[in-house]
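Scroll down for the structure; my scribbles are underneath it.
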């Protein structure tokens, strides 16, 4: 590990953060804010990284990578420093890191925020020209936006999760024929119960996106061994024509540096971290974001959702506790809270689906309500909001799903607070919720779903 | 009390609910849902009551009372019955109520939801033609909409609370010159700290509404003793010309029936109720909504905000517990959660202001953040959201205020959940919040305000 380029500069910092995505940036900003006077250095490969959640929108709404850049201003305003470089090796005993350009950084605290790489499964034909995955770096996205996508007439998106669905809709907006291929019986089933998936499929189809569900991909076909992709072959024998194929079936954690440090990896995946995001071997080394292990807030099992918002929360925890366990604040566990939008149909989820809870062996009740999102419904801009809350038989809130308009994601964040605070159907049915004709439903869907669930629990319990 | 019109009909019901506003309707719907098979009768003066929060919008956005009616369908779908009538007297021993049209109703449970009447203070000139308050009944509103307002050139709104502000903006939209007069130094000071009030004043003024603050009204002037109003005289000597004057300075609880029943009144105002909305004298008689006493969720003192949403929550509590304390669910206390909108500027509050908390003797820290409500900010429709969370020195969340766009009210509902669940700055800074480019800020204002407050507590604590 010492056969690298010669050291041309040495730097002393209090904290070194490796990786500038939502986890690393959040750790950096929080550390700079909570521990003023400490020298915080962030090393990442790019000066202006992209906003990860915004990537699908580069290809439609935003029309270009330059409109999806993360601002460095908040971190720099707090005195933080950014070095555009990449860390090649770390010496845990010496508390140093060496970069590709020959900088030796002496650190007191180290935060690994090395993220993920997209996963390309070993499907026959996956290396054909025209087959691609989404990486979160500027040059790759610029290439997709400027060169690859403009040359595609028919795009197949393999994987009907959130990224696949958003990408399909955005690229389709630009005039490309798009087909989504999903192995499970419906899109988005990892996050939603079937009724919501069906609504999203309907909305996508209404916009002209083609959808094939219930059959996996067996090969990406084209001429010869290495000719450009021409079609996607499904397990049921069907063939989907495509001169471009996006593989959006997930990511692999980037833990190269952590493995070189001999840090313990969690059995469920990722760098093992405690509730303060500290690694097992060294309380001076933290890991946050996609590269770190996540434990489900309710089940204590490994959580497999890798969300920017979760990474940001982990970054806050690490940043706050970097130089001592300030305010005893720890990560109580991971919860997936997600929302998206197709046209003007927003949909989102928090916590567990009813199907997932049942698969865990939990007995659940689902409280449901459909209400207008303004009131009276004659108010301009009113649309219906369909809500479901999932409770255990003992009344604990496990999850929620909403289909509605502009307020959908914030109602889900309210549900997320309620899950993380371990509130019950009894709490939620009695809580007060503000209401206003131009801004909300006449009565709040959280209270009404709780009431519906309580009624079911009372009568069938 | 027995010298009324003769009884022409007798009816036996399990529960009689008197009053069909948000409290009574919510109690009725909840009772019908949670206690199927029980006969629930709602008596109110009108077949199609107005949606109270929608009243200001009748005069601008909705253009008519008929567009602001509350639907009876949900209650009727659950088997509930509505009688358009008014209750003249109640016999507690006999468990009966007599109506104006001669119906004698035998009840097992009684819910008083008799609401408020607007308060007209004894200002000289308050009885002049052209001076009015807002009552929540159809005919009165129809008269205002069809006759009074169309004849007004210059409207003065006395009282710069929510009703005054909303009414001013809506009437002004219709081409009427409007001046708001408020005794306190700024509008909305009962709900907001000054910085938010100033933003709202700026927005109202930009739309052409005139505002006079810091001086109360001493007289409503006109020709002679009883001539139509021509101007509003302020304590500082100023005169505001007006041929119409809306007095919007608050309401008085309507407790006539409760007083006739000799029910205990709370010292803080309203019918005394326990945590299940039961009256002191009789566990078979409940009171909900504006007519019932409210206790602040944090202070245990009387709460003076009379909101439809609070009434609805009380109605749920009463409805659930009407025939036995089902699920032991009680009203833990009242919290004011409110939002409104002037043009496309939404603003709202939950819980205590910093000023109110300090006036109580609490030492507070205010965490603040300003973030775009979409991300990256280049996403279409992005606008800034200014947020403040108020915490006690021990870290308990006391209140929040948001100025932003379409999601403002639901972010406040999330803050409301957090206050009612008694969450702390330590909880909120570590909680996860979902994020999506088209729907939310890049990092959630609740987490960021908590982080800012925590930093202040750490450094100055």
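The values are calculated or read from the model by the stated rules, or taken from the named source; none is laboratory data. These numbers come from a predicted model, not from an experiment. When we count neighbours, we look across all protein chains shown, and the Cβ atoms used for this are built from the backbone with ideal geometry, even at glycine.
Remarks
- Scanning segment B:307-324 for residues that are crowded, with 24+ Cβ neighbours inside 10 Å and assigned to a loop (DSSP other than H, G, I, E, B) yields B:307, B:321, B:322.
- The single condition among (1) modelled with pLDDT under 95; (2) touching a strand residue (DSSP E or B) at 6+ places or on another chain (Cβ under 8 Å); (3) farther than 19 Å from residue B:62 by Cα that residue B:135 does not satisfy is (3).
- Scanning segment A:349-380 for residues that are on the phi > 0 side of the Ramachandran plot and in contact (Cβ under 8 Å) with a residue 12 or more places away in the chain yields a count of 1.
- Checked against the criteria, residue B:379 does not count as more than 10 Å from chain A (Cβ to nearest Cβ) and within 27 Å of residue A:48 (Cα to Cα).
- Selection status of residue B:120, assigned to a loop (DSSP other than H, G, I, E, B), closer than 23 Å to residue B:246 by Cβ and in contact (Cβ under 8 Å) with a residue 60 or more places away in the chain: yes
- Residues satisfying the stated conditions in segment A:1-28, i.e. within 30 Å of residue B:437 (Cβ to Cβ) and either under 20 Å from the mean Cα position of the chain (by Cα) or outside the structural domain of residue A:77 (by TED's automatic domain parsing) (or both): A:18, A:19, A:20, A:21, A:22, A:23, A:24, A:25, A:26, A:27, A:28
- The single residue among A:379, A:341 that is part of a loop (DSSP other than H, G, I, E, B) and crowded, with 20+ Cβ neighbours inside 10 Å turns out to be A:379.
- Filtered residues of segment A:412-424 (kept if surrounded by 24 or more Cβ atoms within 10 Å (Cβ to Cβ), free of Cβ contacts under 8 Å to residues at least 60 places away in the same chain and touching a strand residue (DSSP E or B) at 6+ places or on another chain (Cβ under 8 Å)): A:418
- Applying a threshold of 6 Å to beta carbon distances and a minimum spacing of six or more residues, or different chains, the list of pairs starting in segment A:297-315 at a residue that is more than 9 Å from every other protein chain (Cβ to nearest Cβ) and closer than 11 Å to residue A:21 by Cα and ending at one that is modelled with pLDDT of 90 or more and in a loop (DSSP other than H, G, I, E, B) reads A:315/A:288.
- Residue A:114 vs. criteria away from chain B (no Cβ under 14 Å) and either more than 21 Å from the chain's Cα centre (by Cα) or surrounded by fewer than 16 Cβ atoms within 10 Å (Cβ to Cβ) (or both): no
- Of the set (1) farther than 18 Å from residue B:293 by Cβ; (2) in contact with a strand residue (DSSP E or B) (Cβ under 9 Å, 6 or more places away or on another chain); (3) at pLDDT 95 or above, all apply to residue B:194 but (2).
- Search result, residues across segment B:336-350 that are touching a helix residue (DSSP H, G or I) at 6+ places or on another chain (Cβ under 6 Å) and under 9 Å from residue B:412 (Cβ atoms): B:337, B:339, B:348, B:350
- Leading residue by the ranking (nearest to the other protein chains (Cβ to nearest Cβ)) among those in segment B:384-397 that are over 18 Å from residue B:435 (Cβ atoms) and surrounded by fewer than 23 Cβ atoms within 10 Å (Cβ to Cβ): B:395
- In segment A:404-453, the qualifying residues are those that are within 16 Å of residue A:367 (Cβ to Cβ), more than 28 Å from the chain's Cα centre (by Cα) and not in a helix (DSSP H, G or I), and the one that is farthest from the other protein chains (Cβ to nearest Cβ) is A:441.
- Given (1) under 30 Å from residue B:377 (Cα atoms); (2) outside any loop (DSSP other than H, G, I, E, B), index of the condition residue A:97 fails: (1)
- Matching strands (runs of 3 or more DSSP E) fully within segment B:177-288 where at least 3 residues are touching a residue at least 40 places away in the same chain (Cβ under 8 Å): B:217-222, B:229-234, B:244-247, B:251-253, B:285-287
- Breaking point among (1) assigned to a loop (DSSP other than H, G, I, E, B); (2) facing chain A (nearest Cβ under 7 Å); (3) surrounded by fewer than 24 Cβ atoms within 10 Å (Cβ to Cβ), for residue B:458: (1)
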